Amino acid sequence: MRDAVGSFVGWPSDLIFPDAETPTRPTHKVGKGISRRIESVASQKEVPGRKLKSAAKDIPTTSGTKSQIMMRLEKMVDESDIMHGAIRSIDFDEGVFGAAHFEIIAKEDFQQLFEHTELGIAVIHTYIWYMYVTLMRGTELCNRFNFIAASRINATLITNNPTSVKNDLVDRFMAAGDNTTPSLYFLPFNSGNGGHWVLVAMDLSRLIVYYLDSLSGDWSKYLNMKKTVDAAIIKFRSKKNYRNRKDITWIRVQCPQQNNSVDCGFFVMRFMRDIIALNRIDIPKMYFEEYKSYSRANLDEIKDELCQFIVDQRII
């Protein structure tokens, strides 16, 4: 429904891998999984359980303008080899997506953040990593909220190989335990070819799937996605010998709506942030009273949180 958002970037030929999801890792690496193309830098020690709001404290910002932390990060990027085609490769904690995950961040990804344009997978995944490290790791929230990598489940992959996508979903569910107590699996879902972002949140214990879309409409726009998710949930419950007590219920949440053509990725990140910060497994059909709409300042807040995290982790 719009032009490419940066999910897919033209790479030099020496950086093209047969499996885009698990590229060969650079051999020169030290520290906590953050590396440049041929050299590495260790990240700072991370503090588990720190609250989201504290991560953004003392970051002056005005809606629609760049904050001090964003300008600082932008200057760091401008003065780095990233501007000349270098990349940063990051190993996420296995707890983020339930298995080893390798993310590549390049110039285009930083530009999406700085210029407030349509977001690609790398930015959304890095914000998910931020939420895991900042709010969840080392707390009981890890048992209540789980993430599914958008690079493994999207419209393009479902069209090409729905069985493989279904099995990937089942493997993710199996990695998190028995799922007999309420918890949510967050799937940032892209409509394909750099299209629209929506959030799918699955509660396997109650057989409820919440659908959050910052544009009008419901999951009927993505029937193949719904069919794949339903099939994965049923297969998972069968493998665990759970009885399917009832049909899977999909709920279209009346969430905040975007008023332009670029904000969908930012809204998806904010949806996940709010649900985790409120520690709510049950998402009200009319969304949360605290967040009936999102201002530009609400979106700037998550950008500043991510900029601060990137600086703290010494990714540049």
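The values are calculated or read from the model by the stated rules, or taken from the named source; none is laboratory data. Quick caveat: nothing in here was measured; it's all calculated off a predicted structure. As a convention, Cβ positions derive from the backbone with ideal geometry for all residues, glycine included, and neighbour counts pool all protein chains shown. The area values use the complete protein model at the heavy-atom level, side chains included, leaving out ligands, DNA and RNA. Shrake-Rupley method; radii C 1.70, N 1.55, O 1.52, S 1.80 Å.
Give me the percent of the accessible area of the stretch 194-316 that comes from carbon and sulfur atoms, probe 1.4 Å, all protein chains in place. Present the calculation step by step, with values, prior to reporting the outcome.
On the way: 2220 of 4830 Å².
So the carbon and sulfur contribution to the accessible surface is 46 percent.
Whole-Hz ³J(HN,Hα) for each residue in the stretch 116-133, computed from phi via Karplus 6.51 cos²θ - 1.76 cosθ + 1.60 with θ = phi - 60°, x for glycine and proline: what do you get?
Each residue of the stretch 116-133 in turn: 6, 10, 4, 8, x, 4, 4, 5, 5, 5, 5, 5, 4, 4, 4, 5, 4, 5 Hz.
Whole-Hz Karplus ³J(HN,Hα) for the stretch 85-94, in order, using 6.51 cos²θ - 1.76 cosθ + 1.60 and θ = phi - 60°, x for Gly and Pro?
x, 6, 10, 10, 10, 10, 8, 7, 4, 4
Among C264, F309, Y294, whose Cα projects farthest towards the positive end of the dipole of the stretch 263-316, with charges put on the beta-carbon of Lys, Arg (+1) and Asp, Glu (-1)?
C264
Hey, can you find the accessible area per residue of the stretch 95-240 for me, probe 1.4 Å, expressed in square angstrom?
About 32 Å² of surface per residue is accessible.
Taking amide H atoms as placed 1.01 Å from N in the peptide plane, list the residues 5 or more away in sequence, or in a different chain, whose amide H sits under 5 Å from that of Y294.
Excluding prolines and chain starts, which carry no amide H, the hits are Q257.
Return the carbon/sulfur percentage of the accessible area of the stretch 68-141, one whole number, probe 1.4 Å, all protein chains in place.
Numbers: 1270 of 2550 Å².
Of all accessible area on the stretch 68-141, carbon and sulfur atoms account for 50 percent.
Using the crude model of +1 on Lys and Arg Cβ and -1 on Asp and Glu Cβ, and no other charge, please compute the dipole size for the stretch 158-244 relative to its Cα centre, in debye to 20.
Details: 11 positive and 7 negative charges, 68 e Å.
Value, rounded to 20: 320 debye.
Starting from the amide H of F145, placed 1.01 Å from N in the peptide plane, find each other amide H under 5 Å away whose residue is 5 or more places distant or on another chain.
Excluding prolines and chain starts, which carry no amide H, the hits are L184.
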